[in-house]
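Participant: One structure follows; several queries about it will come next.
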Amino acid sequence: MNQDPRDKNQPMTDEPKPVAYDSEGRPLYAAPPTTDAASPKSVYFSRAVSPEKPPISDEVKARHDESVKRFPSLNLSEAEYVISAVERHPIGLVGPVVVTIFLVAVIASFLINFSLIVNSLGILSPPPFGAILLIGLLLILLVLVGGYIAIWIYTSNHFFLTNESVIQEIQTSLFSKHEQTVSLINIEDASYQQQGILQAMLNYGSIRLSTEGDETTYRFSYVTNPKEQIATLNNAVEAFKNGRPVLND
């Protein structure tokens, strides 16, 4: 059998063999030859324009909606809900209430005993009682308004624990208010303190939070049952840092 001499020059490879040759001696194949497996290949991946948000469960959504309804002033994220709202002890209201009652009683007593006071002091030409009464009533009204403002400022301070952060609303005066928000991941230490027999008997005190990095300290006083509040806070911080769901008690 005669063999085409050009077959002797063909290397022994796994590439497909030509089925014929053209007039210029170029091989013709039944199918295009495959590329070398060792040749470099480029792989392209598409990147999303924005990262996808993790799905929010129905339970978390329901808790979030309930928290928004109960505390409309809070700026909560889509999956954030309030675990506990720390209440201030009523003992803090004793001061402004007692001072208000005392001042009103003094002014009222002066008006009632105005004639006796004038006679005891020997004042021959006292001012008209009608003018004194008007001034006394205005002073009583002013004292009552001042007492109400003091009580309102005290009760307007709030401390909230959510499944993501701690939010503190601080009201220092009638027109001065600010909010502090600390992520649970940044809380390094949380503790409480009770000083004196009165705080121990009435079960109130102060809680203290310290954060990592900037070493900022946050304090909230007149807290009802501070030991229980700190236990809840520490459990929430531990669960959040370990990636577990932060649930209500």
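Participant: Tally the residues that are part of a helix (DSSP H, G or I) and either out of contact with any Asp or Glu (no Cβ under 9 Å at 6 or more places or on another chain) or loosely packed, with under 12 Cβ neighbours inside 10 Å (or both), restricting the search to the range 130-186. Give the steps one after another, and end with the answer.
Facilitator: At the first step, the residues of the range 130-186 found to be part of a helix (DSSP H, G or I) are 130-155, 184-186.
Filter once more, keeping what is either out of contact with any Asp or Glu (no Cβ under 9 Å at 6 or more places or on another chain) or loosely packed, with under 12 Cβ neighbours inside 10 Å (or both): 130-155.
Selection size over the range 130-186: 26.
Participant: Somewhere in the range 216-233, is a residue more than 16 Å from the chain's Cα centre (by Cα), exposed (fewer than 11 other Cβ atoms within 10 Å of the Cβ) and at pLDDT below 90?
Facilitator: There is no residue in the range 216-233 that is more than 16 Å from the chain's Cα centre (by Cα), exposed (fewer than 11 other Cβ atoms within 10 Å of the Cβ) and at pLDDT below 90.
Participant: Sort out which residues of the range 77-126 are of a type in the set (A, V, I, L, M), outside any helix (DSSP H, G or I) and out of contact with any strand residue (DSSP E or B) (no Cβ under 7 Å at 6 or more places or on another chain), and write them in order of number. If you could, list the steps in order and put the result at the bottom.
Facilitator: Filtering the range 77-126 for residues of a type in the set (A, V, I, L, M) gives 79, 82-83, 85-86, 91, 93-94, 97-99, 101, 103-108, 111-112, 116-118, 121, 123-124.
Pick out the ones that are also outside any helix (DSSP H, G or I) and you get 79, 82-83, 85-86, 123-124.
Ala79, Ile123, Leu124, listed by residue number.
The values are calculated or read from the model by the stated rules, or taken from the named source; none is laboratory data. Computed from a prediction, not measured in an experiment: that's the story for all the values here. Reconstructed Cβ throughout: ideal geometry from the backbone, glycine too, with neighbour counts over all protein chains shown.
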